Amino acid sequence: MNFLKKYGFYLMILVIVSELLLPVILGLFYPGYDQLSMLISAFGEDTSPTQLAFKIWVIIDGLLFLLAIPAFYQRFKTTSKTLTKWLAAMIAAFGIGDCIVTGIFDRSGSSSGISIEEIIHDYASGVGFVALLIGTGLLFKLYTLENNHLMVTTIPMIFIISSLLMLLFALPRIPIIDQLHIPYRGLWQRLNLLFLYLPFLLTAIESLFSKSSRQKK
């Protein structure tokens, strides 16, 4: 556990970089894959040539998110133990829901109907996305309690942009609005993920720099 408390922020940085690189790298092995319009989950569909690689990749990423939790708990527990427990729960919900569960349950990629596996996949992914948004709000509250003006100013802007991108990504799933045929859903998903991860990436970097500064004194 001490190892995870010490190196958990490095794991968070690693897994965020891994998540952002996943579609770029797997896209090289998926003929005809369109990064702008196709979803990341297409890599794990039954007909995908990258299905096995995708499943292994996202499950490992999910485990890395879980392993990063002790560092976040150690960092914020003296600020507010209750809020920190909720933050840990949100990171866990994302790691399990959007990574591990979606890696286990495939999307069929078929137009013949929606399977139970696809429903589990979609709902787990949705829960994960919402968990990171809530986690962002918790980080804002924790930094507010610490009077960290830079993070308190930055996080709300990231939150607003992320919420707008999530709306663009989710519009095709909303009745009536789906008839507008909003293009580039793959792009909105990738940008949404980038801004969802950003508060946690900045927290990891800020915490590592703060720790380094304290050790030099």
(message) If each DSSP helix of 4+ residues adds -39,500 (n - 2.57) and the sum is divided by the residues in the chain, what number results at 222 nm, nearest 500 deg cm²/dmol?
(response) -24500 deg cm²/dmol
(message) Rounded to two decimals, what is the ratio between the C-alpha radius of gyration of the chain and 2.2 N^0.38 Å?
(response) 1.06
(request) Can you tell me the 0 to 90 degree angle between the C-alpha axis of helix 149-170 and the longest principal axis of the chain, rounded to 10? (result) 10 degrees
(message) Within the chain, count lysine pairs with alpha carbon atoms under 26 angstrom apart where the residues are 8 or more positions apart or belong to different chains.
(response) 24
(request) Identify the chymotrypsin sites (Phe, Trp or Tyr not before Pro) of the stretch 5-100 meeting these criteria: DSSP loop state and at most 15 other C-beta atoms within 10 Å of the C-beta. (result) 29
(request) Taking 7 Å along the Cα-to-C-beta vector as the label spot, tell me the residue 3-residue 123 distance in nanometres, rounded to one decimal. (result) 3.7 nm
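Coordinate-derived values only; no laboratory data. Computed from a predicted structure; not experimentally measured. No Cβ is skipped: glycine too gets one built from the backbone with ideal geometry, and neighbour counts run over all protein chains shown.
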